[in-house]
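K.L.:
To start, I am sharing the structure in question, which I have written as structure tokens.
The values are calculated or read from the model by the stated rules, or taken from the named source; none is laboratory data. Predicted, not measured: the structure shown is a model, and the values here were computed from it. Note: ideal-geometry Cβ built from the backbone for every residue, glycine included; neighbour counts use all protein chains shown. These accessible areas exclude ligands, DNA and RNA; they are computed on the full protein's heavy atoms, side chains included. Shrake-Rupley method; radii C 1.70, N 1.55, O 1.52, S 1.80 Å.
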Amino acid sequence: MTKTFFKYVIPSMLAFALSGIYAIVDGFFVGNSVGDQGLATINLVYPLVALIQAAGTGIGMAGAIHFAIAEGGNRMNERNRYFWITCGLLVLVSVVLTLVYLPLGGTLLRLLGAQGALESYGREYITVITMGILFQVLGVGLVPVIRNMGKSIQAMAAMIAGFLTNIMLDYVFVWVLPYGLAGAAAATVLGQAVTMIWCLAVLYPLRKTLKAQWDKGWEYQTTRILKLTPSPLGLTFVPNVTLILINWSAIRVGGDNAVSTYAIISYVCCVMLLLLQGVSDGTQPLFSQYYGEQNPSKVRHVRKLAFQFGLAIALLSMILLYSQRYASAVLFGASVQTIDAVGRSLPVFILGFAFVAVSRIAISYFYATEKNKYAYLLIYGEPIILACLLLFLPAQFGIIGTWAAVPISQVVIAVFSLGLLRKAEHQESILLCSQNNPSSGAMQD
């Protein structure tokens, strides 16, 4: 069991870390080429990019979960239909997002707070991103599907291929050729295109094993995917809601300098938080498979391993980032003033890492085992709590109140997730007892 756990989790962690490095690579090249305003622009615009990727991840993960549950129950035709429905939904959402972003890109930038030079830079970036929405949605959406097929190494390799392409093209488009933010956006899009092509290459030899009969039931399966999508979509996008809320507060309380400071902090914390997301999502195929097999004891064991490993990763991340709190800002070519602000502010953010580990694993367990309501409460409760905290903490404590709102909201959600886990464990205990003692279960029925 432990060996299987790490077989899924380690590649997932690396894949999620690389997805975070996509944004950091853009920040590194743009920051050293354009300066603090370039960094602030990437930070302001990134939620629009993240929404594209979250939509792909949400549909891909929802389809992959049902794929794994059906496979665990040995319902192979149902499993195959989940695969093809997921692919169709990924293409459909790509078209819809493109049609929304093309006419409304400028309006969305202004809603995120972009003005003046930041708006001009932002238009350069988002225009190119919009042209490649299909590549981005399919790139991120097919990775969880491949992972749930038991091909975690291939899923990781697809991410690595896209990441290396992004680095190479960022260097060419931003440093060698002076394309600025448009060049950084093109590098991101083409990197995701490579990931998509890699995934398609992995899936092509499996096409015969994925044939499905399209009798009655596919409409119901489509509905099940769409009902589950808000959980992984929200889990992927909620950190960017945090980004939006903190940017708004930072602009109001501390101005452009505070936004530049938070841009670097968000980059630095991004990879560490995605490592934790990798732990939780790496366990998802196992949760879904054992849930499909109706084996709650295995589900519990995987959950225990996930908490232990996730908390260990969180502790190591906290130690590493604290020791490098000043040096991390230098990487992005920040000004001396921004470097000092990052060094003083970063410790506030890393306080919440251990609590994030708890809540992310709990959320992954809930949506992987079709406890959607619990997942919704945790995922969408966090930004609501953060927004409430930002109404009064900055007014009382200035910019440190803005920063402190993040770990406080993470603590609240972690405590709430533990309460929901206890409730779920009680339900599992009843199921386990009925399996071990069928006659007792029949009497209770």
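K.L.:
How many nm is it between the label spots at Ile400 and Met131, if each spot is 7 Å from the Cα in line with the beta carbon?
P.N.:
Taking the simple label geometry, Ile400 and Met131 are separated by 4.7 nm.
K.L.:
Starting from the Cα of Leu200, step 7 Å along the direction of its Cβ; do the same at Tyr322; then give the gap between the two resulting points in nm.
P.N.:
Label at Leu200, label at Tyr322, 4.8 nm between them.
K.L.:
Once you have the Kirkwood Rh of the stretch 145-231 from its Cα pairs, apply Stokes-Einstein at 20 °C and 1.002 mPa s and quote D in µm²/s.
P.N.:
Numbers: Rh = 15.5 Å.
It diffuses with D of about 138 µm²/s by this estimate.
K.L.:
State, to one decimal in nm, how far the label point of Val172 lies from the label point of Trp218, with both points 7 Å from Cα in the Cβ direction.
P.N.:
The modelled label-to-label distance comes out at 4.0 nm.
K.L.:
Could you report the chain's accessible area per residue, 1.4 Å probe, as an integer in Å²?
P.N.:
Details: 18200 Å² over 445 residues.
Computed with neighbouring chains in place, this is 41 Å² per residue.
K.L.:
Also: For the chain, give the percent of accessible area contributed by carbon and sulfur heavy atoms, probe 1.4 Å, rounded to a whole number. The partial results should precede the final answer.
P.N.:
Working: 12320 of 18200 Å².
Accessible surface attributable to carbon and sulfur in the chain totals 68 percent.
K.L.:
So between Arg207 and Asp256, what do we pick up on full extension, going 0.36 nm a residue minus the alpha carbon distance? It would help to have the intermediate numbers written out before the result.
P.N.:
Values: separation 49, 0.36 × 49 = 17.64 nm, distance 5.16 nm.
In short, 12.5 nm is gained.
K.L.:
Counting only Cα, what are the radius of gyration and maximum Cα-Cα distance Dmax of the stretch 295-351, in Å?
P.N.:
17.2, 56
K.L.:
Mean 1/r over all different Cα pairs, inverted: what Kirkwood radius does the stretch 149-304 give, in Å?
P.N.:
Numbers: mean 1/r = 0.0512 Å⁻¹.
Result for the stretch 149-304 stands at 19.5 Å.
K.L.:
Follow-up question, since we're still on this one. Can you give the FRET efficiency to the nearest 0.05 for Arg110 and Asn74, using r as the Cβ-Cβ distance and R₀ = 60 Å?
P.N.:
Taking R0 as 60 Å, the efficiency between Arg110 and Asn74 is 0.70.
K.L.:
For the stretch 198-286, restrict the atom set to alpha-carbon positions and state the Rg and Dmax in Å.
P.N.:
Both quantities, over Cα of the stretch 198-286: 20.1, 59 Å.
K.L.:
What is the helix-to-structure angle for 218-228, meaning the angle in degrees between its Cα long axis and the longest Cα principal axis of the chain, kept from 0 to 90 and rounded to the nearest 10?
P.N.:
Helix 218-228 sits roughly 50 degrees off the main axis of the chain.
K.L.:
Also, I was wondering about something else. Are any of the pairs Lys216/Lys371; Lys373/Lys423; Lys304/Lys371; Lys151/Lys208; Lys7/Lys423; Lys151/Lys304 more than 21 Å apart by Cα-Cα distance, and if so, which?
P.N.:
Lys216/Lys371; Lys7/Lys423; Lys151/Lys304
K.L.:
Another one. Rounded to the nearest 500, what is the chain's calculated 222 nm mean residue ellipticity when only DSSP H runs of at least 4 contribute -39500 (n - 2.57) each, over all residues? Show your work: numbers first, answer last.
P.N.:
Working: 16 runs with 387 residues, N = 445.
Helix-only estimate at 222 nm: -30500 deg cm²/dmol.
K.L.:
Express in whole angstrom the spacing between the alpha-carbon centres of the stretch 117-135 and the stretch 51-67.
P.N.:
23 Å
K.L.:
Follow-up question, since we're still on this one. Quick one: check the C-alpha center-to-center distance for the stretch 203-252 versus the stretch 327-381, whole angstrom.
P.N.:
21 Å
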